[in-house]
Amino acid sequence: MGKRHKHHDLRHRLREAFAWRGEEGRADVSQWWADASIMGELGPALADLCSSRDRITTVLAPEATGFLLGPLVAVSLGAGFVEMRRGLSEAELGDQVLLRSTPPDYLSRTVEWGIRRRRLCSAHRVLFVDDWADTSATARTARRLVEDSGATWVGAAVLVDGTAPSERRDLDLRGLLRERELT
């Protein structure tokens, strides 16, 4: 059975619990976080999108919803977790940071993301995890941070993939659902 089919029931429940809200059609995933049975399956399902040959040692995820998903996936993989934060400051942290700015995201914003420099090194094989990829701006910025650290980018795993095929291939991005399934 294929990995996507293995989690067919979870995928169905994610679609059922999802809604587009407001005049602008904003994604409402809040029911996903409120349902314990869904939450309990998200880490293993995203981890299953990866190949065992990927030998992932570290999961990297952005605030805020990435902080929900990243640790779930890390535990499932027996890997460590590194947080990616907006606007980190060496002066405030008292620690060295790596910083990168995104190209415009889904709201046409440019965001500065950072990680603590000492959290990634050349021995790490990094999987990026997030809830949604649309323009892939955050994932591309994460890959640059991983490369800046000397670590190895393994790929990305997201709940909802709305990226173009070329972006998906370039980032080795895998999604549990395609955005078009949430209509």
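The values are calculated or read from the model by the stated rules, or taken from the named source; none is laboratory data. What you see is a predicted model; the values in this text were computed from it and never measured. Neighbour counts run over all protein chains shown; Cβ positions are idealised from the backbone, glycine included. Please note that ligands, DNA and RNA were not included when accessible areas were found on the heavy atoms of the full protein model with its side chains. Shrake-Rupley method; radii C 1.70, N 1.55, O 1.52, S 1.80 Å.
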Which residues, taken from region 128-183, are open to solvent by less than 10 Å² (accessible area, probe 1.4 Å) and at positive phi? Ser136, Gly155
Pairs please, first residue from region 34-49 and charged (D, E, K, R), second anywhere and part of a helix (DSSP H, G or I) and open to solvent by 40 Å² or more (accessible area, probe 1.4 Å), Cβ atoms under 6 Å, 6+ apart in sequence or on different chains. Asp48/Lys3
Can you pull out every residue in region 128-157 that is without any contact (Cβ under 8 Å) to a residue 60 or more places away in the chain and not small (Gly, Ala, Ser)? Asp134, Thr135, Arg140, Thr141, Arg143, Arg144, Glu147, Asp148, Thr152, Trp153
Test Asp95 against the stated conditions and say whether it is farther than 21 Å from Leu49 by Cα and open to solvent by less than 60 Å² (accessible area, probe 1.4 Å). yes
Would you be able to tell me the number of residues in region 135-151 that are closer than 16 Å to Arg169 by Cβ and out of contact with any Leu (no Cβ under 8 Å at 6 or more places or on another chain)? 1
The conditions are (1) more than 28 Å from Trp20 (Cβ to Cβ); (2) assigned to a strand (DSSP E or B), and Cys121 fails exactly one of them. Which is it? (2)
Which condition does Leu88 not pass, out of (1) open to solvent by 60 Å² or more (accessible area, probe 1.4 Å); (2) within 19 Å of Asp130 (Cβ to Cβ), if it passes all the others? (1)
Can you pull out the helices (runs of 4 or more DSSP H) entirely within region 1-63 that have at least 3 residues that are hydrophobic (A, V, I, L, M, F, W, C) and touching a helix residue (DSSP H, G or I) at 6+ places or on another chain (Cβ under 7 Å)? 8-17, 36-48
Test: Phe67 is in a strand (DSSP E or B), closer than 28 Å to Ser101 by Cα and open to solvent by 40 Å² or more (accessible area, probe 1.4 Å): no
